[in-house]
Amino acid sequence: MPAHADVIVNGRSYPWPRVPAVVICLDGCEPAYLEIAMAKGLMPTLAAMRARGTFRTAHSVIPSFTNPNNLSIATGRPPAVHGICGNYLLEPETGQEVMMNDVRFLRAPTIFAGFQAAGAKVAVLTAKDKLRALLGAGLSFEEGRAICLSSERADTTTLAANGIADASGWLGRPVPPVYSAELSEFVLAAGVKLLAEWRPDLMYLSTTDYIQHKHAPGDPVADAFGAMVDGYLAELDAMGAAVVLTADHGMKPKHHADGSPAVLYVQDLLDGWLGEGAARVILPITDPYVVHHGALGSFATAYLPAGADRGAILARLLAEPGIEVAIGREEAAVRFELPPDRIGDIVLISTEGMTLGTSAHRHDLAALTEPLRSHGGLSEQAVPFILNRRLDLPEAPALRNFDAFFYATTAAAL
């Protein structure tokens, strides 16, 4: 295929890049983290990009969780197309609650697979291994034109499964603890080295939000994280890549004045109204890494018993303090571009300062050593969208975080 031909993925045409097109997804990056760090002079590269590049705010997909947004960025489409509408779901076919990190749940090809099939070299680096298989769906490692790995499992990578053997040894860094800033830094450091040594046409770098769950914008630890990111951003920029920096979701405080978590336990409510266990509440934020959020987020779905008066239940829920949205499946599928077969009978979104839980006894909050910060709702939908080239981009809500590769490849083709 001629190098100038566009690549069409999920009905969208992506220009062929002349220089590497790099997208960074800073997990949980509320725009305030960057604004405060820049104001303190801690992110000079980003400040320079603001002067010569393009600074916008975009909207994430709802629910504003990790898996739906990473896969939206990876496919260029919302969950209604790619099918990943949470980190966790009640699988309709089996009735079992399972993690939504298996490739069988993905309903659309990724941009990475599309570009590799067209002859490009692609690199996909993510912090947590829960995303690696989904992001790497459709990639072939036999021809040496694809690399896909996670920081979490970097010491076990192989040529056959990841396109690189022992990524930890190659980078000269040990595998960091999963609950650390270093897990994200590993992604960025590996991305810089790959760009210098391997020169991919397309590269995706996805971090983890451990720091953002623990530390508010302006906190010294959060500022240090921003300064670290800025250093790697400077290297990527200096090597001539077209770089888009965005996020999968924002992050907001979700606690009372005394520091205790602000939670509405929806399963307990429905048990009181309908009978114990008659309804089934699902929290799509749930994943294997709940130490920093206790499986408490701002989006929930629920399955109701046969014959239940859905309208009456929604009205009662909407009257509860802390509930911002309470709607049926059909409306939620249209409004939030979600797959209707994977979201239960009703969808709930809490207000900015509130989270949704199942039953109080099912949440282990002992590991929440700082006041809860979390995400999932409309209040965490605003994310940064920064390009180190000047382009005429719309603002949110027209601009979405899943436009990242379209604008990265557009800038890289100029």
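Remarks
- Of all lysines in the structure, the ones whose alpha carbon falls short of 23 Å from that of LYS254, not counting any fewer than 8 places away in one chain, are LYS214.
- DSSP-assigned coil residues among GluC sites (Glu not before Pro) in region 324-414, each with at most 15 further Cβ atoms within 10 Å: GLU352, GLU395
- THR158 long-range amide H proximity, modeled H, under 5 Å: GLY163, ILE164, ASP166
- For the listed residue pairs LYS40/LYS121; LYS130/LYS252; LYS128/LYS252, the alpha carbons are over 30 angstrom apart in LYS40/LYS121.
- Debye, to nearest 20: dipole size of region 269-414, +1 on Lys, Arg Cβ, -1 on Asp, Glu Cβ: 240
- GNM result for the chain, Cα springs below 10 Å: residue of MET99, MET251, MET203 fluctuating most strongly: MET99
- SER150 sits among other residues whose Cβ lies under 10 Å from its own Cβ, and their net charge, with Lys and Arg +1 and Asp and Glu -1, is +2.
- Long-range tail of P(r) for the chain (Cα pairs > 26 Å, %): 51
- Antiparallel bridge percentage (DSSP; both residues within the chain; nearest 5): 55
- GLU370-GLU93 pseudo-label distance in nm [points 7 Å out on the Cα-to-Cβ vector]: 4.1
- You can think of it this way: the chain between SER359 and ALA133 has 78.2 nm of extra reach, that is 0.36 nm per residue less the Cα-Cα gap.
- Note on ARG153 and HIS256: with the Förster distance fixed at 41 Å, the Cβ-Cβ geometry gives a FRET efficiency of about 0.60.
- Virtual paramagnetic centre 7 Å along Cα→Cβ of ALA165, amide N under 17 Å, in region 133-155: 141-148, 154-155
- Projecting the Cα atoms of PHE385, LEU274, GLY86 onto the dipole axis of the chain, where Lys and Arg carry +1 and Asp and Glu carry -1 at the beta carbon, places PHE385 farthest toward the positive end.
- FRET efficiency, ARG50 to LYS193 (Cβ-Cβ, R0 45 Å, nearest 0.05): 0.95
- Overall, region 14-84 carries a charge dipole of about 300 debye about its Cα centre when +1 sits on the Cβ of Lys and Arg and -1 on the Cβ of Asp and Glu, all other atoms neutral.
- Relative contact order, percent, region 100-192 [alpha-carbon distance under 8 Å, six or more residues apart]: 23
- Among ARG77, ARG12, ARG342, the residue with the largest mean-square fluctuation in a Gaussian network model of the chain, with springs joining Cα atoms closer than 10 Å, is ARG12.
- At 1.002 mPa s and 20 °C, Stokes D of region 263-373 from Kirkwood alpha-carbon radius, µm² per second: 150
- Region 263-373 - share of DSSP beta bridges that are antiparallel (%, nearest 5): 80
- Here the gap between TYR179 and VAL334, fully extended at 0.36 nm per residue and compared with their Cα-Cα distance, gives a gain of 52.2 nm.
- Entry note, region 263-373: relative contact order of 36 percent, from Cα contacts under 8 Å with a spacing of 6+ residues.
- Selection from THR351, LEU296, VAL61, by position along the positive dipole direction of the chain (Cβ): VAL61
- LEU233 sits among other residues whose Cβ lies under 13 Å from its own Cβ, and their net charge, with Lys and Arg +1 and Asp and Glu -1, is -3.
- GNM top mover of THR57, THR351, THR94 - the chain, alpha-carbon springs below 10 Å: THR94
- Simple point charges give the picture: +1 on the Cβ of Lys and Arg, -1 on the Cβ of Asp and Glu, and for the chain a dipole about the Cα centre of about 1000 debye.
- Entry note, the chain: relative contact order of 30 percent, from Cα contacts under 8 Å with a spacing of 6+ residues.
Taken together, the values in this text are just the output of simple stated rules run on the coordinates, not laboratory data. Small disclaimer: the values here were computed from a predicted structure and weren't measured. Every residue, glycine among them, receives a Cβ derived from its backbone with ideal geometry; neighbour counts consider all protein chains shown.
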